[in-house]
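Encoded as structure tokens, the structure appears first; notes follow it.
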Amino acid sequence: MQLIEAATSAIVEAERRLSANSANIANVNTPGYKREISYSEIVDVVSGAGFRKSTLPEIHTVVVGDSSTLIETGGRLDLAVRGQGHFLLRAGEQFFLVRSGQFTRDESGALVDSQGRIVQQAGGGDLVVDTDLPEILPDGTVLSDSVPVGSIGLYLADDAMGRNRSSSGLSVERASALVASDAGTIAQGMVERSNVTLSDEMIGLMRARRMAEAGAQLVRAYDQLMGQAVSTFGRPGS
Amino acid sequence: MNQALEVAAVSLRAQQRALETVANNIANVNTPAFKRSDVVFAEVIATGPAPLTRTEELARGSVAQSGGVHFAARDMISLQGEMRPTGQALDIAIDGAGFIEIAGPDGESWLWRGGRLSVSSAGYLAPDGSVLRSLIAVPDDASELTISRDGMVAARTADGEQIELGQVMLVRVDSDANLERVRPGMYRPIDGARITDAVAGEDGAGTIEQGMVEESNVDFSASMVQLLMIQRAYAANAQVVQVADEISSLSNNLQR
């Protein structure tokens, strides 16, 4: 019986790896994107008698947060972080940490990303700017016609936050507990390119395909064996 | 398998829309007063329904599933184009922030970045097909029309006198998000947007330049590089579709 489980797990693992690769390839040009990798580890399931019953792998996905190069776009509202720190964006009651983005101003003048999430100031509160062409200094001060109108906050993400891509964002309590970063500066007119390497992802695609093929072969071999066993031993009078 | 196919499908569509935007920019590289649309990609996080049981919550794992990439176009309306002299006395362009208010159909306010003026049949100075809010009547015998940088229009009458005909005023809006494109070079403020009057050259408003045209603000080389990048991204996503298809066909053919 374990043969069929092993074969199925090979195909399932191939599909999971393919999901991670497809997400990375989809975002190869998205500024600030951090790629996902999948890895598998053996989980030992021990039987009552102390023997190792199962050696099937469990597959996990993590986000690799290594920083990537900054490229210059020239857009006055394109921002990236040099060093450590993230921008804090608010969408309703939820907060998100991002490394880089291409922002615009909405109708009320607040600085938002393409999904409508509002950039937060250092010390809290939405950032509202009265001009489409502000000057943003490396320490976060926002100048409009050389007059300071606000300051963009940079926050540190602890390890767990950095590794998980949370769909629901941080709550208000967790966001207010964030530590400000003093080891990062803001670069205006630049974005951080995604840290996806297409060649790695293509190899991942190939690997997923071969793994699925191998799993399929196992299933076919098992099917053949069982078929022969049943027909040989199930024959009346043998 | 299904997730990879859906992610790739969403991404292929995003890349295609990005391609259309860049193509439109390139097509308008020589259009006067054209404002380009920048390509902005953002990641989509797939949010599913909340897990019903603790088992489901644990099984889902800690990383939210990525749903592909989302494309948005960002209009660069405030980005100034270069000024180019044309030698035509009735060409005007705005150097700096601001628009000229004209009357669109139904009398609503439209905003214009400048272009060619003409004298309408009723004797008013106007762009073709509409009329300026700041009505400036031009007498039949006027010649040598001059428009100064603060918008004052003057002309010389038949007996050699220099008379002032009026002033072209500028208007400003709070942000680019308050504008929608209606026609090349013309914008309509969205409902509820605030329009403030300004004199050309004062309070940060731009100046009116006679005999000039504002060139398109498309960066040609950057657009060509963007085309290449979009092409590569499209090909990579198509590969994902192919592999996802092969794996699902393998699964389907397990039971012959």
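Cβ-Cβ distance below 6 Å, separation of 6 or more or different chains: which pairs start in region B:189-205 with a residue that is within 10 Å of chain A (Cβ to nearest Cβ) and end on one that is open to solvent by less than 60 Å² (accessible area, probe 1.4 Å)?
Short answer, once both residue conditions are applied: B:ILE190/B:ASN178; B:ALA193/B:VAL173; B:ALA193/B:ASN178; B:ARG194/B:ASP174.
So A:PRO57 fits all but one of (1) more than 30 Å from A:ALA229 (Cβ to Cβ); (2) in contact with a helix residue (DSSP H, G or I) (Cβ under 7 Å, 6 or more places away or on another chain); what number is the exception?
Tallying (1) more than 30 Å from A:ALA229 (Cβ to Cβ); (2) in contact with a helix residue (DSSP H, G or I) (Cβ under 7 Å, 6 or more places away or on another chain), A:PRO57 fails exactly one: (1).
I need every pair where a residue in region A:138-149 that is free of Cβ contacts under 8 Å to residues at least 24 places away in the same chain has its Cβ under 6 Å from the Cβ of a residue that is surrounded by 16 or more Cβ atoms within 10 Å (Cβ to Cβ) and of a type in the set (Lys, Arg), sequence separation at least 6 or different chains.
Going by the 6 Å Cβ cut-off, there are no qualifying pairs.
Checking the condition in contact with a helix residue (DSSP H, G or I) (Cβ under 9 Å, 6 or more places away or on another chain) and at pLDDT below 85, which residue from A:ASP132, A:ASP66, A:ASP106, A:ASP44 passes? Reasoning before the result, please.
Working: A:ASP66 fails: in contact with a helix residue (DSSP H, G or I) (Cβ under 9 Å, 6 or more places away or on another chain); A:ASP106 fails: at pLDDT below 85; A:ASP44 fails: in contact with a helix residue (DSSP H, G or I) (Cβ under 9 Å, 6 or more places away or on another chain).
The match here is A:ASP132.
Consider only pairs whose beta carbons are under 8 Å apart and that are at least six residues apart or on different chains; among these, list those whose first residue lies in region B:232-256 and is within 7 Å of chain A (Cβ to nearest Cβ) and whose second residue is not hydroxyl-bearing (Ser, Thr, Tyr) and not in a helix (DSSP H, G or I).
Between residues of region B:232-256 that are within 7 Å of chain A (Cβ to nearest Cβ) and residues that are not hydroxyl-bearing (Ser, Thr, Tyr) and not in a helix (DSSP H, G or I), the close pairs are B:ALA233/A:VAL28; B:ALA233/A:ASN29; B:ALA236/A:VAL28; B:ALA244/B:MET1; B:ILE247/B:MET1; B:SER251/B:MET1.
Name the residue that is most open to solvent (accessible area, probe 1.4 Å), counting only residues in region A:26-52 that are of a type in the set (Val, Ile, Thr) and under 17 Å from A:ASP66 (Cα atoms). Before you say what the answer is, go through the steps one by one.
Taking region A:26-52 and keeping what is of a type in the set (Val, Ile, Thr), we get A:28, A:30, A:37, A:42-43, A:45-46.
Now narrow it down to the ones that are under 17 Å from A:ASP66 (Cα atoms): A:28, A:30, A:37.
Details: A:VAL28: 27, A:THR30: 4, A:ILE37: 65 Å².
Ranking the qualifying residues of region A:26-52, first place goes to A:ILE37.
Considering each of B:SER62, B:SER11, B:SER66 in turn, give the residue that is at pLDDT 90 or above, within 9 Å of chain A (Cβ to nearest Cβ) and more than 22 Å from the chain's Cα centre (by Cα).
On the way: B:SER62 fails: at pLDDT 90 or above; B:SER66 fails: at pLDDT 90 or above.
Answer to the selection: B:SER11.
Could you list, in sequence order, all residues of region A:60-85 that are within 16 Å of B:ALA42 (Cα to Cα) and more than 12 Å from chain B (Cβ to nearest Cβ)?
A:LEU79, A:ALA80
Please go through region A:180-238 and give me each residue that is farther than 28 Å from A:ARG16 by Cα, within 14 Å of chain B (Cβ to nearest Cβ), within 33 Å of the chain's Cα centre (by Cα) and open to solvent by 70 Å² or more (accessible area, probe 1.4 Å), ordered by number.
Across region A:180-238, there are no qualifying residues.
Go through B:ALA177, B:ALA236, B:ALA200 for me and flag whichever is hydrophobic (A, V, I, L, M, F, W, C), crowded, with 18+ Cβ neighbours inside 10 Å and touching a Gly at 6+ places or on another chain (Cβ under 6 Å). Write out each step before concluding.
Values: B:ALA177 fails: touching a Gly at 6+ places or on another chain (Cβ under 6 Å); B:ALA236 fails: touching a Gly at 6+ places or on another chain (Cβ under 6 Å).
Sole residue among the options that is hydrophobic (A, V, I, L, M, F, W, C), crowded, with 18+ Cβ neighbours inside 10 Å and touching a Gly at 6+ places or on another chain (Cβ under 6 Å): B:ALA200.
Test of understanding: among B:VAL225, B:VAL218, B:VAL171, which residue is open to solvent by 40 Å² or more (accessible area, probe 1.4 Å), within 30 Å of A:LEU111 (Cβ to Cβ) and either more than 10 Å from chain A (Cβ to nearest Cβ) or part of a helix (DSSP H, G or I) (or both)? Step through it out loud before you land on a result.
Working: B:VAL218 fails: open to solvent by 40 Å² or more (accessible area, probe 1.4 Å); B:VAL171 fails: open to solvent by 40 Å² or more (accessible area, probe 1.4 Å).
Every option except B:VAL225 fails the conditions.
Within the bounds of region A:33-43, is there any residue that is within 13 Å of another protein chain (Cβ to nearest Cβ) and in a helix (DSSP H, G or I)?
no
For region B:134-151, which residues satisfy the criterion of being surrounded by fewer than 16 Cβ atoms within 10 Å (Cβ to Cβ) and either at positive phi or without any contact (Cβ under 8 Å) to a residue 40 or more places away in the chain (or both)?
Scanning region B:134-151 gives B:LEU135, B:ALA137, B:PRO139, B:ASP140, B:ASP141, B:SER143, B:GLU144.
For the structure I just gave you, tell me whether A:SER54 is among the hydroxyl-bearing types (Ser, Thr, Tyr), at pLDDT 80 or above and over 22 Å from B:VAL241 (Cα atoms). Give the derivation first.
On the way: among the hydroxyl-bearing types (Ser, Thr, Tyr): yes; at pLDDT 80 or above: no; over 22 Å from B:VAL241 (Cα atoms): yes.
In short, no.
Listed residues A:GLY123, A:GLY65, A:GLY116, A:GLY109; which is under 22 Å from the mean Cα position of the chain (by Cα) and at positive phi?
Numbers: A:GLY123 fails: under 22 Å from the mean Cα position of the chain (by Cα); A:GLY65 fails: at positive phi; A:GLY109 fails: under 22 Å from the mean Cα position of the chain (by Cα).
The match here is A:GLY116.
Does region A:68-80 hold any residues that are over 22 Å from the mean Cα position of the chain (by Cα) and open to solvent by less than 30 Å² (accessible area, probe 1.4 Å), and which are they? Show your work before the answer.
Filtering region A:68-80 down to residues over 22 Å from the mean Cα position of the chain (by Cα) leaves A:72-77.
Within region A:68-80, A:GLY75, A:LEU77 qualify.
Sort through B:GLY98, B:GLY115, B:GLY104 and tell me the only one that's within 14 Å of chain A (Cβ to nearest Cβ), in contact (Cβ under 8 Å) with a residue 40 or more places away in the chain and closer than 30 Å to A:ASP106 by Cβ.
Values: B:GLY115 fails: within 14 Å of chain A (Cβ to nearest Cβ); B:GLY104 fails: within 14 Å of chain A (Cβ to nearest Cβ).
None of the others qualify; the one that does is B:GLY98.
In the set B:LEU52, B:LEU90, which member is modelled with pLDDT under 90, more than 27 Å from A:GLY189 (Cα to Cα), surrounded by 12 or more Cβ atoms within 10 Å (Cβ to Cβ) and more than 11 Å from chain A (Cβ to nearest Cβ)?
On the way: B:LEU52 fails: surrounded by 12 or more Cβ atoms within 10 Å (Cβ to Cβ).
Answer to the check: B:LEU90.
Which residues, taken from region A:1-14, are modelled with pLDDT under 90 and either facing chain B (nearest Cβ under 10 Å) or in contact with a helix residue (DSSP H, G or I) (Cβ under 6 Å, 6 or more places away or on another chain) (or both)?
Scanning region A:1-14 gives A:LEU3, A:ILE4, A:ALA7, A:THR8, A:ALA10, A:ILE11, A:VAL12.
Suppose we keep only residues that are within 10 Å of chain B (Cβ to nearest Cβ) and part of a strand (DSSP E or B) within region A:88-110. Which one would you say is surrounded by the most Cβ atoms within 10 Å (Cβ to Cβ)?
Quick first cut of region A:88-110, residues within 10 Å of chain B (Cβ to nearest Cβ) only: A:96, A:98, A:101-110.
After this cut, where a residue has to be part of a strand (DSSP E or B) as well, the list is A:96, A:98, A:101-102, A:104-105, A:110.
Values: A:PHE96: 21, A:VAL98: 23, A:GLY101: 26, A:GLN102: 23, A:THR104: 23, A:ARG105: 23, A:ALA110: 19.
Ranking the qualifying residues of region A:88-110, first place goes to A:GLY101.
May I ask you to say which residue of B:ALA200, B:ALA154, B:ALA122, B:ALA158 is assigned to a strand (DSSP E or B) and over 30 Å from A:VAL112 (Cβ atoms)? First the steps, then the outcome.
On the way: B:ALA200 fails: assigned to a strand (DSSP E or B); B:ALA122 fails: assigned to a strand (DSSP E or B); B:ALA158 fails: assigned to a strand (DSSP E or B).
Selected residue: B:ALA154, the only one of B:ALA200, B:ALA154, B:ALA122, B:ALA158 that is assigned to a strand (DSSP E or B) and over 30 Å from A:VAL112 (Cβ atoms).
The values are calculated or read from the model by the stated rules, or taken from the named source; none is laboratory data. Keep in mind that this is a model prediction, so the values were computed, not measured. Using ideal geometry, Cβ is built from the backbone for each residue, glycine included, and neighbour counts are taken over all protein chains shown. These accessible areas exclude ligands, DNA and RNA; they are computed on the full protein's heavy atoms, side chains included. Shrake-Rupley method; radii C 1.70, N 1.55, O 1.52, S 1.80 Å.
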